[in-house]
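The values are calculated or read from the model by the stated rules, or taken from the named source; none is laboratory data. Source: prediction; values computed, not measured. Quick reminder, even Gly has a Cβ in these numbers, built from the backbone with ideal geometry, and neighbours come from all protein chains shown. SASA here: full protein model, heavy atoms, side chains in, ligands and nucleic acids out. Shrake-Rupley method; radii C 1.70, N 1.55, O 1.52, S 1.80 Å.
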Amino acid sequence: MARILLGVTGGIAAYKALDLVRLASAAGHSLRVIQTVNSQRFVGAASFAAITGGPVLTSEWERDPARGAFPDQPTPEHDPISHLELVRNADVFVIAPASANTIAKLASGLADNLLTSAALAASCPLILAPAMNHQMWQNGATQANVELLRRRSIRVVDPEVGSLASRNEWGSGRLARPEAILAAIEQIVPAGQRPWDGRRVLVTAGGTREPIDAVRFVGNRSSGRMGFALAEAAAARGADVTVIAANVDLPRHAQVAYLDVKTAAELEQAAREQFPSCDLLLMAAAVADFTAAEPAAGKLKKDGRTEFELTLTPTTDVLAELAKVRTEAQMLVGFAAEHGPGGLELARAKLAAKGLDLLVVNDVSDAEIGFESRSNEVTIVSAGADRHLPRADKLAIAGEILDAVDELTAERARTA
Ligand code: CTP
C-alpha cells in the first residue's frame, strides 16, 4: 500500500484521472487529490472525494479538513500547513494529467498555486503523466522542459499516440493508460510492501466457443471485462497473476501473464495445469455447459434443409472438478449469472454443490449490468452473510471482491 498524492491539472484528460484513482484505490492504495482551478472545469472535486474518501484541495488559502492526513491515517491534533503536510505524508506525488503549462511552471520552479507549491516542497518521488494536444507536446519549449525535469530525476510516463480531443486530430499527447501510470507508481513502492506480494492468482475470463463446423460456433456474450478487471486489481496488489482468456479482445496488462484458449476443453486443460500452483482461483469465465457432439471438419452446407438439428453433449464442470482436488490453503471463487428473482437461493445451492469459498452472483435480467457492460452490481455469497455490492464499474467491484477474499482469509487465520 502506498500513499499517493495525485495532482490534477486542466485539460480534457482530467476526467481520466478518475480512472486512475479508481484503479489505485482498487489496488489498496490510499489517495489524496489536489486539483488546479482549471481542472475543475473538466471534472469536479466531488467525484475525487467520493472515490478517495478524503477532501480535495485546490488553494493554498483553504484549510484542509483532514489536516494533511491520508484516508488511512488519523487526523492530527494540530493544524499544519496543508501542502507541506500532504507531501510529507505522501510516498509518491503523481501529476496526471500534467498540462504543458504546469510542466513549464515545474521546470522553472514556479509555485503559484497549491499543486505547484506542493510539487516544489515534495521530497518524495514525483511522477508526471503529460497530456495535451500533439503540437503542444512536440513544441520545443515543452520538450525542453520535460527533458530538464527528467534530468532532475522526475519520472515521466510518456503520453500515448492516438486520436486526440480535437476532431480529426491524431498524434502523440494522449494521457497514458491508468494501468501504465499505476505501474510507474508501483515501481517506486518498495517490493514486499504490497498486500498481495507473493500470492499466486489464477483468473479465467471471457466466454468459450464450441465449434459446430470450421466457421461456426456456439458461444456466449461474456466480454471478459470482469475477469480482466480482477486480474488488474490483483496485479496492482502485488500478486503474480495468470489469466486464462477465452476469446477476449481487450487491452492487456503488462504485469499479467495470459494464456489464450477458445473452447471449454482447452480452458479445462489450461486450468488443470495452472491450478495446483495457485493460491486463489477467480473463475470468472463463462464456460459452455455443452459442446457440439460431432463438429464438422469443413463448412456445413444448407443443402436445401429446412431444419437443422445439433446434438450437444455436456462439458466438464471445470470449477467443480478443481474443487475436488483443492488443498485447504487454496481459495476458490465462482461467478454465476442468474436470471431474475430466486437467483440468490440458486447461488447458495451452487456454492455448496461446487465446494466453493465465495460465489459472486449477478442478475443478468438487468441490461445495464453484466456481460458487455462496464459496470456491474453483484452479491457475494459465502457460508456467512451475503454481501451486496451496489452498482459500480467493474474495476471497483473487482477491488471489493478481492477485499472479500482478504476478509475470509483473515477470518480463517483467526479460527485456525
Ligand atoms: N463453470 C465451470 N465449468 C463449466 C460451467 C461453469 O467451471 N462447464 C464455472 C463458471 O466459470 C462459474 C461457475 O462455474 O464460475 C458457475 O457457472 P454457472 O454456469 O452459473 O453454473 P452451472 O453449474 O453451469 O449452473 P447453470 O445450470 O445455472 O448454468
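Can you show me the helix-derived [θ] at 222 nm for the chain, built from DSSP H runs with n ≥ 4 at -39,500 (n - 2.57) apiece and divided by the number of residues, rounded to the nearest 500. Write down the numbers at each step before the final one.
Numbers: 13 runs with 135 residues, N = 416.
Using -39500 (n - 2.57) per qualifying helix, the result is -9500 deg cm²/dmol.
Grab the other residues whose beta carbon is less than 11 angstrom from that of Leu402, score K and R as +1, D and E as -1, and report the net.
-3
Just to be sure I understand: if I project the alpha-carbon convex hull of the chain onto a plane and average over all orientations, what area do I get in nm²?
Convex hull of Cα atoms, orientation-averaged projection: 25.0 nm².
Viscosity 1.567 mPa s, temperature 4 °C: give me the Stokes-Einstein translational D for region 200-415 in µm²/s, with Rh taken as the Kirkwood radius over C-alpha pairs. Intermediate results must be reported in sequence, preceding the final value.
On the way: Rh = 18.0 Å.
It diffuses with D of about 72 µm²/s by this estimate.
Taking the chain as a Gaussian network, Cα atoms linked when under 10 Å apart, which of Arg209, Arg225, Arg32 shows the biggest mean-square fluctuation?
Taking springs between Cα atoms under 10 Å, the residue moving most is Arg209.
Tyr258 accessible area, nearest 10 Å², 1.4 Å probe?
Per-residue accessible area (Tyr258): approximately 50 Å².
Val405 accessible area, nearest 10 Å², 1.4 Å probe?
Counting only protein heavy atoms, the figure is 0 Å².
Give me the distance between the Cα centres of region 197-269 and region 110-141, rounded to whole Å.
38
Please work out the C-alpha center-to-center distance from region 11-86 to region 333-348 and express it in whole Å.
38
Pull up the cross-link candidates among the aspartates and glutamates for Lys302, meaning alpha carbon to alpha carbon under 15 Å and not fewer than 8 places away within one chain.
Excluding near neighbours in sequence, the set is Asp213.
Using a Gaussian network model on the chain with a 10 Å cutoff between Cα atoms, which of Gly173, Gly198, Gly227 fluctuates the most?
Per the Cα network of the chain with a 10 Å cutoff, Gly198 tops the list.
Quick one: dipole size for region 254-364, taken about the Cα centre, charges +1 on Lys/Arg Cβ and -1 on Asp/Glu Cβ, in debye to the nearest 20.
With Lys and Arg at +1 and Asp and Glu at -1, about 200 debye.
Give the residue from Val261, Gly298, Ala246 lying farthest towards the positive end of the charge dipole for region 195-303; charges sit on Cβ (+1 for Lys and Arg, -1 for Asp and Glu) and the dipole is referred to the Cα centre.
Positive-end residue among those listed: Gly298.
With both partners inside the chain, how many of the DSSP beta bridges are antiparallel, as a percent to the nearest 5?
Working: 18 of 64 bridges.
Here the antiparallel bridges make up roughly 30 percent for the chain.
For a quick check, take a GNM of the chain with Cα springs below 10 Å and name the residue from Ala236, Ala13, Ala329 with the largest mean-square fluctuation.
Top of the fluctuation ranking is Ala329.
Within region 33-79, report the trypsin sites (Lys or Arg not before Pro) that DSSP leaves as loop and that have at most 11 other Cβ atoms within 10 Å.
Filter output for region 33-79: Arg63.
Is region 258-352 best put as rounded, prolate or oblate by its Cα gyration tensor, with a ≥ b ≥ c the root eigenvalues, rounded for a/c under 1.5, and otherwise prolate when a/b is larger than b/c, oblate when not?
Oblate.
By how many nm would the segment from His388 to Asp406 lengthen if fully extended, with 0.36 nm per residue of separation less the alpha-carbon distance? If you can, show how the numbers build up before the last one.
On the way: separation 18, 0.36 × 18 = 6.48 nm, distance 1.65 nm.
Net length gain for the segment: 4.8 nm.
Which of Lys262/Lys350; Lys299/Lys324; Lys16/Lys262; Lys262/Lys394; Lys262/Lys354; Lys299/Lys350 have a Cα-Cα distance over 27 Å? If you can, show how the numbers build up before the last one.
Values: Lys262/Lys350 25 Å; Lys299/Lys324 39 Å; Lys16/Lys262 33 Å; Lys262/Lys394 23 Å; Lys262/Lys354 23 Å; Lys299/Lys350 38 Å.
As for pairs spanning more than 27 Å Cα to Cα, those are Lys299/Lys324; Lys16/Lys262; Lys299/Lys350.
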